[in-house]
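Asks: Submitted below is the structure of interest, expressed as structure tokens.
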Amino acid sequence: MTDAPAPHTTARRTPEDATEFEREQLRFLLSDGDPAATLSEINPSLAWLPVLWRMSLIRPDTQLAAWIERNFDDEDAVKDVVANLRFFRPETATVLEARLNAHIDRLSPLLAKSWLLIIRQMKTFRHGVLDNDWYEVAPRMKRGDASTDTLTRVAEVLRPKLTLDKRTFYNEEDDFKPERPSDLMSIKYEVDDGLTGDEVLEAWPESAPAEADNRFLASLSTALNVALEDATEVGVDGGVRYGITDYDVPSVARHDQNNYRSGFYPIVRVMANLWERLAAKSPQRALDIFDNWAVSGFRLTRRLALFAAANPVVPPIVAANTLMYLPQPELFLTGTTVEVFRLVRSRWNTFPSESQVELLHRFVDGPPPDWFRDGADIEQRIARCRFDILAEMERDGFSLTTEAKDALADIRTRWPIWQLRPSDQAGFHLWIGGGEIIVGNAATLDGVADDELVAVAERIAANADFFEGDAWNALCQGDPDRALRGLARAVSRDHWSVEFWRELLWVRKAYAQTTTAALIADLLLKWPEASFEKIATPASAWIDEHAKTLDEALLWPLWDRIADATLRDTDARPAMNDIFTDALNSSSGRLIEVLIRKMPSAIGDDAVPPALKARLDRMANSRGHAGKLARVRLAAEVSMLFQRAPLWTAERLVPLFDWSSPDAADVWSARKYSNYVGSPDLFRLTKQAFLEIFARPNTPDEELRVYSEWLIAILIANQSKEANYPITPPEARVALRRAGVRALSNVAHRLTTELTGGTPAERAVRWRTVVGPVFTSTWPLDVELQTSATTYKLAQLVRNTGDAFAEAADVVIPFIRPEDGRSHSTVFAIAEAEDAIYAAAPSKVLDLLAAVVGDGSVGSVYGLDKAMNRILEHDPKLADTRKFQKMFSVA
């Protein structure tokens, strides 16, 4: 196994704080010998990257991989590499990916995901290469070319693609703990070359046949879905919060707020305009597309449906139903509200009367409370959402039902100063004007005495426009100690402001006073029982944050109280996201996190205090959804828990992994996030269930990929270290046969990582003693399992065998299948491979190329000519062979 990166315990000097002598010293060290090895050895801060590049001390960029590898566990390294992505090329990404896979199990989920995003960006980062597809296809579009190739290429150009950059600012507070990649880097989606929607619409003839418009829209819809799926997976869109698409697309219809927007806006602009053209030419085709948009699982696509519903081509009852079937929160929240207001304003009087009554009833209900973030004044926010839509309809002259009139009157009685914003701002939750966005202003509370702080803040919130900044939140962010003093004074008058407390508990800012954390815990313990459940979720996040520093006399009573409130949730319900993600973000998961933080470092069940073990028991045995999330969180730590408390873990957690357990699928799903396979004894207890994963027809692909790598890692440990995991190569081969093609590429990848690094002689030894025996004894022999899906990884595996290349080629090549003729990235990689394999066995390189290329057509394989010339350099006699001549003709 590859050693873990060295941890960073002290800050390293950056160019900004280095002396001139230190700069010259570094220059001297790097100018003599191998700079890559020197950088890896002395391991300066990666903030030196641009300086060293300007000094011409690092070339080419692939030599930086070892230096970066030393810093995989450093959050600052993530920031520095993102800030200097221009120095890297896809070749660097290939090397880094192999090295990251050797360490990924040891990294935190945050760092692992961040580096994977960086590598992905490196693979696609453009360095001024003239590769602008738009300017190639635009003339074809203007001529009316509606071929599949043209439409697909334009859709691909318009598809927003992941872009990473340096954040403009970071949270510099000492106790700030990044939780997601977007805390370390700027994550956006951009269109190639800054292409705008209007440029595409100008190129696409308005006189194009309806069939061409229809096919173009279909291509664009597919491209948009791909981008939305990716943005959701990366974590910047979807869910209940404002996402990247809400910001990129303020309005689907043309609006001044769309000015200067990019990202997802250009493709939406084209789709919206193209749909209107199609509606005028072929209403039925337009309605077919509208129907697909209306039932989409993506919010942005549903917004397109709402936009289309404002067109008279859509029958009034269908337009009304688009609002009727829209998820309740989207009537009021996120960017969708803009399209809701527009549709109501344009079509309300055409809706059937019964639809109007039902919709007004939905408007009166308002958004669901669980869509608001903790700490918000939920009742007031819901009321403002109801006020905005009902009062706007009243201003537009629409008739309201008695129920709606009564609701609006009640809101005005309770908040008499509320006024509607200008009509053109209706539905916008974020309004940008004069180049600024309105934010909270804590200065409005300056000079207010602590005794009156909460009361004044509540008056400001009650009288403020719904979209004005939150003064209390700004105070919590800027001076949490003062915010607590105000809350403590309010508590002394028996006033417990749930929403204000939530704001404070969610803040991650260091307290200036050492007594603040203890006072918060003490007041939470005194919280009235009747309403404590409302504060339990943010309290669980707060106690998790302060578990290591809070006095146990306060910690454990507060933990118990939060657990009492959390574990009342005995209902069963499906996961909202990945079950492990749900567990991490739940009160149950945070309570488990506290217990894990407090586990003693000593080994053995006797070392675990009885009180701690009793709390572990309580969480593991809890019922309902909260109990399931607790067990899922524990499952991800089963390796560590088995080391610390093997008897308890074997009794309480191991049975959950058996497929007779109702929690089995969930705990195995969480287990894949573990950073350690676990001991042979733990594997022995879970072996049968583990092998069953590969045979179950509904096992998710991601879990097959992860656990197939685990399987190979175990066999490698047995082969190289006599680790004594109780599994044989034939058992592993059976498992991989059952998993099929979905797992084999990852198996080859995992084997390849074991050959990364070292001299050709060292890699040859590694192949002969470890990797080769594992490959030959476990790789499935079934003909139907040998596909081009594994070609790149198998070729990479054999290329990395160093001096054993010739013998390894004889073993691996029979399993390689010809690569897709449209790609041939494998041939390019072989052409760029180290010269050692060409020198050692040029005929075997030819065999490898022949296996990869197959029956490629003449001139179809990029990079093959270079590989063939390198073969000739080392063995000119091969030019007379039939195999060489065939490959040369293809090149």
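The values are calculated or read from the model by the stated rules, or taken from the named source; none is laboratory data. Note that the structure is predicted; figures quoted are calculated from it, not measured. Note that each Cβ is placed from the backbone with ideal geometry, even for glycine, and that neighbours are counted across all protein chains shown. What goes into the accessible areas is simple: the full protein's heavy atoms, side chains included, and nothing from ligands, DNA or RNA. Shrake-Rupley method; radii C 1.70, N 1.55, O 1.52, S 1.80 Å.
Asks: Counting only complete DSSP H runs, which helices of the chain cover 30 Å or more along their long axis at the Cα atoms and score a mean Kyte-Doolittle of -0.5 or above?
Replies: Span-like helices here: 210-234.
Asks: At 0.36 nm per residue, minus the direct Cα-Cα distance, what do T881 and S108 gain on full extension? Give it in nm, one decimal, please.
Replies: Extra length available between T881 and S108 comes to 273.0 nm.
Asks: Let me ask you something else. Around M185, what is the net charge, scoring Lys/Arg as +1 and Asp/Glu as -1 over all other residues with Cβ under 9 Å from its Cβ?
Replies: Counting the neighbours of M185, the net charge comes to +1.
Asks: Something else: Between S186 and A488, 0.36 nm times their residue separation minus their Cα-Cα distance comes to what?
Replies: Contour length minus the Cα-Cα distance gives 104.9 nm.
Asks: Tell me the net charge near T778. Cut-off is 15 Å between Cβ atoms, T778 excluded, with +1 for each Lys or Arg and -1 for each Asp or Glu.
Replies: Its environment carries a net charge of +1.
Asks: Viscosity 1.306 mPa s, temperature 10 °C: give me the Stokes-Einstein translational D for region 202-306 in µm²/s, with Rh taken as the Kirkwood radius over C-alpha pairs.
Replies: Here the translational diffusion coefficient equals 112 µm²/s.
Asks: Pop out the carbon and sulfur fraction of the accessible area of the chain as a percent, whole number, probe 1.4 Å.
Replies: Summing carbon and sulfur atoms, their accessible area is 51 percent of the total for the chain.
Asks: OK, next. Compute the distance in nm between two label points, each set 7 Å from the Cα along the Cα-to-Cβ direction, one at T776 and one at E229.
Replies: In this crude spin-label approximation the distance works out to 4.1 nm.
Asks: Using a simple spin-label model with points 7 Å from Cα along the Cα→Cβ vector, what separation in nm is obtained for T759 and L430?
Replies: 5.7
Asks: Work out, step by step, the length gained on full extension between K526 and D855: first 0.36 nm times the residue separation, then minus their alpha carbon distance; give nm to one decimal.
Replies: Contour length minus Cα-Cα distance gives 110.7 nm.
Asks: Sorted by accessible area with a 1.4 angstrom probe, largest first, how do T124, T537 fall?
Replies: T124, T537
Asks: For Rg and Dmax of the Cα atoms in Å, pick the label among [x] 35.4, 112; [y] 30.9, 97; [z] 28.5, 91 that corresponds to the value derived from the coordinates.
Replies: [y]
Asks: Let a ≥ b ≥ c be the square roots of the eigenvalues of the Cα gyration tensor of region 304-343; is it rounded (a/c under 1.5), or, if not, prolate (a/b larger than b/c) or oblate?
Replies: oblate
Asks: R0 = 56 Å: FRET efficiency of D578 with T514, Cβ-based, nearest 0.05?
Replies: After rounding, the FRET efficiency stands at 0.90.
Asks: Strictly over 24 Å apart at the Cα level, which of K687/K721; K526/K548; K509/K672 would you flag in this model?
Replies: Pairs exceeding 24 Å: K509/K672.
Asks: Continuing with the same structure: Can you tell me the Rg and Dmax of region 559-716, counting just the alpha carbons, in angstroms?
Replies: 15.2, 47
Asks: Which whole-Hz couplings ³J(HN,Hα) result when phi for each residue of region 761-771 is put into the Karplus expression 6.51 cos²θ - 1.76 cosθ + 1.60, θ = phi - 60°, listed in order with x for Gly and Pro?
Replies: 5, 5, 5, 5, 4, 5, 5, 5, 9, 10, 5
Asks: Before I look further, what does the chain give for accessible area per residue, probe 1.4 Å, in whole square angstrom?
Replies: 44
Asks: Using a cut-off of 11 Å between beta-carbons, work out the net charge of the residues near D835 (Lys and Arg +1, Asp and Glu -1, D835 not included).
Replies: For residues surrounding D835, the net value is -2.
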